Structure formats: C-alpha cells, structure tokens
Amino acid sequence: MFNAITHSQIYVLDQDEALDFYVGKLGLEVNADVDMGFMRWLTVSVPGRPERQVLLEKPGPPAMSEETAQQVRELVTKGATGGSLIFTTDDCRKTYETLLARGVEFTEEPTNRPYGTDCGLRDPFGNSIRFTQPRA
C-alpha cells in the first residue's frame with residue numbers, strides 16, 4: 001500500500017530560530033519554505049536526502065484552535081510533546097565535537113551502547129534529538 005515515509009513533523013515556537021538551529025548549527029538543508037497565507041510550510045532534511053523531510057511547524061490555526069495552540073506551545077517549552085528526531089552519523093564523537101563548537105548544548109555526551117555510540121540534545125524548543133553511529 002505505502003511506498004515511503006516522506007515527511008515527519010515537530011513543533012517549533014519560532015520558525016526563523018528553528019532555521020538557525022537546524023540549518024545553521026546542525027547542518028541540515030531547507031527543502032521548502034513557502035508562505036501559504038494561513039501557515040508557513042517549512043521543511044528541512046539531511047543534505048542530499050530530500051526524500052525524508054521534517055516539517056518545522058508552528059502550533060496554531062488551521063490545524064488547531066488558538067486555545068489549543070497555546071497549550072501545545074506550553075508543552076513544547078517543557079519538552080513534553082514527544083517530538084523527537086534520530087539521525088545517524090559515521091562518527092558520533094566527531095559530530096559531537098563539531099556541534100559543541102557551534103554552540104549546541106547536549107543533554108548526553110557520546111555513550112557506547114549495544115547498538116552503537118549515540119548522544120542526545122534538545123533543540124531550542126525542547127524537542128529531543130539523538131544521533132547514533134551504528135555498531136559496524
């Protein structure tokens with residue numbers, strides 16, 4: 001029935017700040033940045049991999065009422081919306097050092113796990129991000 005997952009979505013509170021973080025610090029690339037009038041459709045992906053995009057969505061109409069959007073914004077700030085991204089990398093420790101030098105704040109340093117080496121961080125809005133160097 002289905003062929004692929006093309007888009008995933010996480011909530012961000014400020015799309016310009018999200019661009020600065022996801023593109024400027026993490027090194028992702030913009031796939032779409034479209035003012036649709038009722039919302040801004042903003043997607044990013046791993047460079048050269050546009051088949052899997054992340055929609056950086058600001059909570060609000062038309063998807064939800066303003067009252068609900070306010071509640072979602074409060075949950076985003078607490079890191080409680082369940083928004084999460086997991087990336088892979090060829091060298092977890094090197095990626096960690098590169099991002100640390102760019103000012104990214106981590107919640108967990110690179111750690112060896114049964115499945116490989118990974119670490120954790122949060123975006124400026126509280127969304128959980130991990131990247132893993134899979135065990136060879």
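The values are calculated or read from the model by the stated rules, or taken from the named source; none is laboratory data. Everything quoted here is computed from the prediction, not taken from an experiment. Cβ sites come from the backbone with ideal geometry, for glycine too, and all protein chains shown count toward neighbours. Just the protein is used for accessible areas: all its heavy atoms, side chains included, with ligands, DNA and RNA removed. Shrake-Rupley method; radii C 1.70, N 1.55, O 1.52, S 1.80 Å.
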*Of all the residues that make up the stretch 33-52, how many are within 22 Å of MET64 (Cα to Cα) and not acidic (Asp, Glu)?*
9
*asked:* Suppose we filter VAL44, VAL23 for residues that are out of contact with any Lys or Arg (no Cβ under 6 Å at 6 or more places or on another chain), within 23 Å of ASP118 (Cβ to Cβ) and assigned to a helix (DSSP H, G or I); which single one remains?
replied: VAL23
*strands (runs of 3 or more DSSP E) wholly in the stretch 95-136 with at least 3 residues that are over 19 Å from THR77 (Cα atoms), in contact with a Ser or Thr (Cβ under 8 Å, 6 or more places away or on another chain) and open to solvent by less than 40 Å² (accessible area, probe 1.4 Å) - which ones?*
116-122
*Going through the stretch 4-20 one residue at a time, which ones are free of Cβ contacts under 8 Å to residues at least 40 places away in the same chain and assigned to a strand (DSSP E or B)?*
none
_Which condition from (1) outside any strand (DSSP E or B); (2) under 16 Å from the mean Cα position of the chain (by Cα) is the one that VAL72 breaks?_
(2)
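For (1) open to solvent by 50 Å² or more (accessible area, probe 1.4 Å); (2) under 22 Å from LEU100 (Cα atoms), each residue gets a yes or a no:
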residue: THR6; (1), (2): yes, no
residue: GLN9; (1), (2): yes, no
residue: ALA18; (1), (2): no, yes
residue: MET39; (1), (2): no, no
residue: GLU57; (1), (2): no, no
residue: ALA69; (1), (2): no, no
residue: VAL76; (1), (2): no, no
